[in-house]
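Encoded as structure tokens, the structure appears first; notes follow it.
The values are calculated or read from the model by the stated rules, or taken from the named source; none is laboratory data. Just so it is clear, the structure is predicted and the values come from calculations on it, not from any experiment. When we count neighbours, we look across all protein chains shown, and the Cβ atoms used for this are built from the backbone with ideal geometry, even at glycine.
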Amino acid sequence: MRQIIIVRKDLKMSSGKLSAQVAHASMAFFTHMLKIADKAKWNQKYRMILNLDEDLYDEWICGIFTKTICEAKNTYQLLKCVKIAEDLGLQEGVDFFLIKDACLTELKPEETDEKGQGRVLTCIGFRPLPDEIAHKISKKYQLYR
């Protein structure tokens, strides 16, 4: 199993910004699966439940957390992987996540969200996928360099 993250190259992000965006993309599938187990606070903390498929736990969590970071030349090329993913039966918000920066530091907004906040699409992160499915997506992109 491997997790694919595809990052826009045209944004020319600093190495720190790039690292933060990749980290957001890597964590998106985890945060999606977290559910509050008990809404009552316990010692100022929330209890959370994480439901994982057995394969994901055995082959990725207990494995080596394999990740492949690929580059997309621009937004258009980045969004082409959404079509590839959907054609494979993957769903946005479940199997892959669009990562949009809030443009508070070095990036400039390309869109405005429903709250009026400027955003820019930086990357797409996938949940860990079996290698044969991951390769069907990543083969259209080169490794980030």
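For segment 93-104, a residue qualifies if it is surrounded by 12 or more Cβ atoms within 10 Å (Cβ to Cβ) and touching a Lys or Arg at 6+ places or on another chain (Cβ under 9 Å), and the qualifying residues are Asp95, Phe96, Phe97, Lys100, Asp101, Ala102, Cys103. Checked against the criterion of being among the charged types (D, E, K, R), in contact with a Phe, Trp or Tyr (Cβ under 7 Å, 6 or more places away or on another chain) and in contact (Cβ under 8 Å) with a residue 40 or more places away in the chain, segment 106-121 has no qualifying residue. Listed by first and then second residue, the pairs with beta-carbon distance under 7 Å, at least 6 apart or on different chains, first residue in segment 19-34 and among the β-branched types (Val, Ile, Thr), second modelled with pLDDT of 95 or more, are Val22/Ile5; Val22/Val7; Val22/Ile69; Val22/Cys123.
Going through (1) touching a strand residue (DSSP E or B) at 6+ places or on another chain (Cβ under 7 Å); (2) of a type outside the set (A, V, I, L, M, F, W, C); (3) over 15 Å from Met13 (Cβ atoms); (4) surrounded by fewer than 20 Cβ atoms within 10 Å (Cβ to Cβ) one by one, Pro128 falls short only on (4). Here the condition is being modelled with pLDDT of 90 or more, farther than 22 Å from Gln142 by Cβ, crowded, with 17+ Cβ neighbours inside 10 Å and not acidic (Asp, Glu); of Leu90, Leu78, Leu56, Leu107, it holds for Leu107 alone. In segment 59-74, which residue that is of a type in the set (Val, Ile, Thr) and surrounded by 16 or more Cβ atoms within 10 Å (Cβ to Cβ) is farthest from Lys100 (Cα to Cα)? Filtering first and then ranking leaves Thr68. From Ile133, Ile137, grab the single residue that is within 11 Å of Ile6 (Cα to Cα) and surrounded by 13 or more Cβ atoms within 10 Å (Cβ to Cβ). Residue meeting the stated conditions: Ile137. Condition (residue is buried (at least 16 other Cβ atoms within 10 Å of the Cβ) and either touching a Ser or Thr at 6+ places or on another chain (Cβ under 9 Å) or among the polar types (S, T, N, Q) (or both)) applied to segment 34-53: is it met by at least one residue? No - not one qualifying residue is present in segment 34-53.
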